Each structure stands twice: as structure tokens, then as C-alpha cells.
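This report refers to the structure that appears directly beneath it.
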Amino acid sequence: MEESPIRNEVLFKRFKLLETFDDQDKDTVIRVIDAIIAQRQVEHAMRPLERQPLTVSA
């Protein structure tokens with residue numbers, strides 16, 4: 001198997017296959033990956049707020 005910085009073999013195989021796709025399909029996959037990353041970042045950013053009690057200042 002080819003040396004890769006991707007340690008997950010299944011992901012590595014999928015990305016190798018993806019390299020054969022046309023540019024539009026590649027762009028679609030990149031957008032999906034970006035959306036998942038953004039979703040996780042938002043979820044992570046919201047966690048500290050969820051743990052803090054709500055206070056109302058007068």
C-alpha cells in the first residue's frame with residue numbers, strides 16, 4: 001500500500017478513488033467535508049455556553 005498521511009485505510013482508499021472523479025464531483029465532496037467540519041466547530045464552540053447557568057442582568 002502507498003505511504004499516506006491518512007492513517008485510516010478506508011478513507012485513504014476513498015480519497016484515491018475520488019482523485020479519478022471529475023472536478024465538479026470533487027468540489028461537491030470537498031463542500032460536504034467542509035460542512036461537516038464547520039458543524040463540528042459550531043457544536044464545539046457552543047459547549048461552554050451550554051454548561052454555564054443562564055443569568056439575567058437588570
Quiz item: Being out of contact with any Ser or Thr (no Cβ under 8 Å at 6 or more places or on another chain), of a type outside the set (K, R), surrounded by 11 or more Cβ atoms within 10 Å (Cβ to Cβ) and at pLDDT 95 or above, is that true of even one residue in the range 29-45?
Solution: yes
Quiz item: Looking at E50, is it surrounded by 10 or more Cβ atoms within 10 Å (Cβ to Cβ), of a type in the set (D, E), in a helix (DSSP H, G or I) and modelled with pLDDT under 95?
Solution: no
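The values are calculated or read from the model by the stated rules, or taken from the named source; none is laboratory data. Everything numeric here is computed off the predicted structure, so don't read it as measured data. Every residue, glycine among them, receives a Cβ derived from its backbone with ideal geometry; neighbour counts consider all protein chains shown.
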